[in-house]
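Right, one structure below, let's go through it.
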Amino acid sequence: KVIAPATTQDAYALTLAAYDDPNPTVIIEHKALYRAPQLRAPLPTGDELASLKRLGEALLRREGDALTIITYGAMLHRCLEAAERLSAEHNLEVAVLDLRTLSPLDEEAIALAARQTHKLLVVHEDTRSSGLAGEVCAIINERAFEWLDAPVRRLTAPNTPVPYHANLEAAFAPQVSD
């Protein structure tokens, strides 16, 4: 299993879930999230912890009817910022689905997103070729194609090696303005 938490609460809850799970689990933590101010939040307890402690379950982080952005990890925060900007500047309400677990993928949540907004954008920081976005697009094609009003689009990094200089790295990864 592979998890990619984007929030402090998810990192805590999904790590506990991985510990309880008898199968091996890889946890992918993005370095940009370590000092992100939006991640300073109390750890979940009780019912909130139980609801977040589900491997393989995506979470709808923002509701909307114009488009659904499907993402995970550090890109979640950029996608939420882009959704807020689209709402403020263009009066478009954009849903944002956080995958949280990359294996297994929540195929039902992905298909439901297609049925609800009929337009999808898959965003990840990985390169376009051989990335998770292609797998998500395949799931949509197989399970919800008839619900689409437009082709599924991908916003990814270019098919180049990841640069190490901070300015080049910022140009490499998808940004809010993209």
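The values are calculated or read from the model by the stated rules, or taken from the named source; none is laboratory data. Being a predicted model, the structure only gives us computed values, none of them experimental. Methodologically, a virtual Cβ is constructed for each residue, glycine included, from the backbone with ideal geometry; neighbour enumeration extends over all protein chains shown. Protein only, heavy atoms only, side chains kept; ligands, DNA and RNA dropped before computing areas. Shrake-Rupley method; radii C 1.70, N 1.55, O 1.52, S 1.80 Å.
Brief remarks follow.
- Residue within the range 157-176 that is among the aromatic types (Phe, Trp, Tyr), surrounded by 15 or more Cβ atoms within 10 Å (Cβ to Cβ) and either modelled with pLDDT of 95 or more or more than 17 Å from Met75 (Cβ to Cβ) (or both) present: no
- Residues of the range 96-118 that turn out to be in contact (Cβ under 8 Å) with a residue 40 or more places away in the chain and not small (Gly, Ala, Ser), as a count: 11
- Among the residues listed as Arg85, Arg35, the single one being open to solvent by 80 Å² or more (accessible area, probe 1.4 Å), at pLDDT below 95 and not aromatic (Phe, Trp, Tyr): Arg35
- Residue match in the range 1-21 (condition: open to solvent by 40 Å² or more (accessible area, probe 1.4 Å), on the phi < 0 side of the Ramachandran plot, among the aromatic types (Phe, Trp, Tyr) and part of a helix (DSSP H, G or I)): yes
- Members of the range 100-115 that are over 26 Å from Leu16 (Cα atoms) and either under 12 Å from the mean Cα position of the chain (by Cα) or crowded, with 16+ Cβ neighbours inside 10 Å (or both): Ala111, Leu112, Ala113, Ala114
- Test: residue in the range 56-73 that is under 21 Å from Gly131 (Cβ atoms), out of contact with any Gly (no Cβ under 9 Å at 6 or more places or on another chain), of a type in the set (A, V, I, L, M) and in a loop (DSSP other than H, G, I, E, B): yes
- Which numbered condition Asn91 misses (of (1) open to solvent by less than 50 Å² (accessible area, probe 1.4 Å); (2) free of Cβ contacts under 8 Å to residues at least 60 places away in the same chain; (3) at positive phi): (1)
- Among the residues making up the range 116-150, those that are crowded, with 16+ Cβ neighbours inside 10 Å, farther than 21 Å from Arg62 by Cβ and either more than 15 Å from the chain's Cα centre (by Cα) or of a type in the set (Val, Ile, Thr) (or both) are Thr127, Arg143.
- Test result for Ala58, of a type outside the set (Lys, Arg), surrounded by 21 or more Cβ atoms within 10 Å (Cβ to Cβ), in contact with a Leu (Cβ under 6 Å, 6 or more places away or on another chain) and modelled with pLDDT under 95: no
- Selection within the range 149-176 - in a loop (DSSP other than H, G, I, E, B), touching a residue at least 24 places away in the same chain (Cβ under 8 Å), under 20 Å from Ala83 (Cα atoms) and not β-branched (Val, Ile, Thr): Asp149, Ala150, Ala173, Pro174, Gln175
- Residue in the range 70-79 that is over 14 Å from the mean Cα position of the chain (by Cα), open to solvent by 60 Å² or more (accessible area, probe 1.4 Å), within 23 Å of Ala95 (Cβ to Cβ) and not hydroxyl-bearing (Ser, Thr, Tyr) present: no
- Beta carbons closer than 8 Å, at least 6 apart along the sequence or on distinct chains, pair a first residue in the range 15-34 that is more than 18 Å from Leu102 (Cα to Cα) with a second that is of a type outside the set (D, E, K, R) and open to solvent by less than 80 Å² (accessible area, probe 1.4 Å) for Ala32/Ala74.
- Qualifying residue in the range 24-32 (condition: in contact with a strand residue (DSSP E or B) (Cβ under 8 Å, 6 or more places away or on another chain), at pLDDT 95 or above, open to solvent by 60 Å² or more (accessible area, probe 1.4 Å) and closer than 28 Å to Glu89 by Cα): no
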